[in-house]
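Input: a single structure, listed below in structure tokens.
Only the coordinates and a few stated rules stand behind these numbers; no lab work does. Source: prediction; values computed, not measured. FYI the Cβ positions are ideal-geometry reconstructions off the backbone, even for glycines, and counts take in every protein chain you see.
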Amino acid sequence: MSRRKKSHQTHGTANRPRLWGKHAVAAALDNPQRKVLRAWATSEAAGLMQFPKEVAVTLAEAPDLGRLVPSDAPHQGVVIEVEPLEEVWLDDLLTGLPERAVLLVLDQVTDPHNVGAILRSAAAFGAIGMVTQDRHSPPESGVIAKAASGALERVRWARVVNLARALEDIAEAGFWRIGLSGDAETDLKDALGPPRIALVLGAEGAGLRPNTREHCDALARLPITDSVESLNVSNAAAVALYAASVG
């Protein structure tokens, strides 16, 4: 079992993350698997949220809420402290799959804004889940939850110790593994085909690591123009997910 990362942030921890923003909080409250420990809200926001009866809600003014979250975080009048979701095992993610399925694999994408945006796209295009390496991915946080706009509660996220071994298991489950790389010779649309697709994306700048590339069945690029050098990884994930969902 992977261990929760320790966090040095002062606005919540990896073991007790704080979520903020109306969409993120509402999704957490609607998730029966999410344990809410504490809540703070303005009078207006408290009237809109469906807080569990067992959760005490502290009414506060917006400036007070601002001190509970990172500077300039758009809390929208509501903050909650929660327990992390239960671990998702890769075997569970790969069990009971439909004939057609899209899975996301992130190779050391560490920016929580990008991870949250990718979760949002994964929910939008019906991906069955996301796989990351445990030691090189951010823990649950308010930043991820806000960027995901509720998708943190809806998309299953499996953290693994060894990404190469996980890619082998993903292949055994019938997935065609496509690594996105700007230097690939094949366009993504031409690399698609099998009904189960695993889209593998690397970190900003560094891209896919050599060992990760070796564990892909194909490398493909997005057919962008010469006007830009590359897309942000979260934008690339959204485009790739769309292509895989309709391909």
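Here the contact order of segment 115-193, divided by its residue count and restricted to Cα pairs under 8 Å and six or more residues apart, works out to 32 percent.
Of the DSSP beta bridges with both residues in segment 18-82, give the percent that are antiparallel, rounding to the nearest 5. Beta bridges within segment 18-82, antiparallel portion: roughly 75 percent. For the pair segment 68-135 / segment 227-247, the C-alpha centres are spaced 17 Å from each other. Per residue of the chain, the DSSP helices (runs of n ≥ 4 H) give a summed -39500 (n - 2.57) that works out to -8000 deg cm²/dmol at 222 nm. When only the Cβ of Lys, Arg, Asp and Glu is charged (+1, +1, -1, -1), the dipole of segment 18-82 relative to its Cα centre reaches about 220 debye. Each Lys and Arg contributes +1 and each Asp and Glu -1, all at the Cβ; summed about the Cα centre of the chain, the dipole is approximately 680 debye.
For the chain, the longest principal axis of the Cα atoms and the long axis of helix 233-246 meet at an angle of about 60 degrees.
Relative protection proxy for 153-160, 93-100, from highest mean packing down: 153-160, 93-100 (other beta-carbon atoms within 10 angstrom).
Each of Met49, Met130 was scored by other Cβ atoms within 10 Å of its Cβ. Arranged with the fewest first, they read Met49, Met130. Rounded, prolate or oblate for the chain? Axes are the square roots of the Cα gyration tensor eigenvalues, ordered a ≥ b ≥ c, and the cut-off for rounded is a/c under 1.5. Prolate, because a/c is 1.5 or more and a/b exceeds b/c.
The lysine pair tally for the chain, using Cα distances under 20 Å and a gap of 8 or more places or different chains, is 8.
Simple rule: put +1 on each Lys or Arg Cβ and -1 on each Asp or Glu Cβ in the chain, find the dipole, and look at Gly207, Leu37, Thr186; the Cα lying farthest toward the positive end is Leu37. Take each peptide in 188-200, 62-74, 28-40, count the other Cβ atoms within 10 Å of every residue, and average; sorted highest first, the result is 188-200, 28-40, 62-74.
Length gained on full extension, Glu61 to Arg213: 49.7 nm, using 0.36 nm per residue less the C-alpha separation. Springs join every pair of Cα atoms under 10 Å in this Gaussian network model of the chain, and among Glu81, Glu168, Glu44 the largest mean-square fluctuation is at Glu44.
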